[in-house]
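Report on one structure; see the data block that follows.
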Amino acid sequence: MESLSLYILVGAVLSLGAFLYFESLSLKAHRITKEESSSLSESFKHYNTSRNVVFFFIASYVITLIISILGHNEHYGLIEAIAYIFTTAFSGSIIIFVMKIQRSLLIKVFATFLYGVPYIGASALAFLTTYIIKGM
């Protein structure tokens with residue numbers, strides 16, 4: 001169980017790093033267009049949100065897949081996978097929420113949502129892949 005804590009820490013740090021990288025790409029894309037958006041769909045276009053969320057999903061999948069393969073233990077089951085997924089997602093969301101403390105509530109909630117949803121989906125898929133490959 002003590003190694004699970006290390007995997008959670010590594011997963012949280014790497015996934016946060018990936019999220020912050022794709023967020024910076026989003027901000028750069030907005031600076032290049034320099035247009036004000038009036039609707040949510042226009043904001044998605046100006047910030048390249050869809051593209052960056054997909055890339056974050058892929059990065060989270062690869063990070064969790066590597067961690068789950070390297071840290072595979074025959075005693076780890078569904079409880080440990082769920083503990084990893086939700087602990088890293090929750091801690092990452094809290095950190096993002098605190099980082100954006102000076103922003104509006106909508107931005108904080110939206111940023112944590114854009115972190116949590118792709119991360120949970122990618123991590124669940126990565127653990128499923130690992131258990132299929134390793135044969136449970």
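Among residues of region 86-108 that are among the charged types (D, E, K, R), those with a beta-carbon under 7 Å from a residue that is in a helix (DSSP H, G or I) at least six positions away or on a different chain give the pairs LYS100/ILE107; LYS100/LYS108; LYS100/ALA111; LYS108/PHE97.
Is it true that some residue in region 107-114 is modelled with pLDDT of 90 or more and either part of a loop (DSSP other than H, G, I, E, B) or under 15 Å from the mean Cα position of the chain (by Cα) (or both)? The answer is no; no qualifying residue exists.
For beta carbons closer than 7 Å, sequence separation of 6+ or different chains, a first residue in region 50-65 that is touching a residue at least 40 places away in the same chain (Cβ under 8 Å) and a second that is among the acidic types (Asp, Glu), there are no qualifying pairs. Taking region 1-100 as the region of interest, the helices (runs of 4 or more DSSP H) fully inside it that hold 3 or more residues being among the hydroxyl-bearing types (Ser, Thr, Tyr) and either closer than 19 Å to TYR115 by Cβ or at pLDDT 90 or above (or both) are 2-33, 49-70, 78-99.
Taking residues in region 116-136 that are loosely packed, with under 14 Cβ neighbours inside 10 Å, and partners anywhere that are modelled with pLDDT under 95, the pairs with Cβ atoms closer than 7 Å and at least 6 places apart or on different chains are LYS134/HIS72.
State yes or no: is PHE127 in a helix (DSSP H, G or I), of a type outside the set (S, T, N, Q) and at pLDDT below 90? Break it down stepwise before answering.
Working: in a helix (DSSP H, G or I): yes; of a type outside the set (S, T, N, Q): yes; at pLDDT below 90: no.
The answer is no for PHE127.
The values are calculated or read from the model by the stated rules, or taken from the named source; none is laboratory data. A quick note: this is a predicted structure, and the numbers were derived from the prediction, not measured. We place every Cβ from the backbone using ideal geometry, glycine too, and count neighbours over all the protein chains shown.
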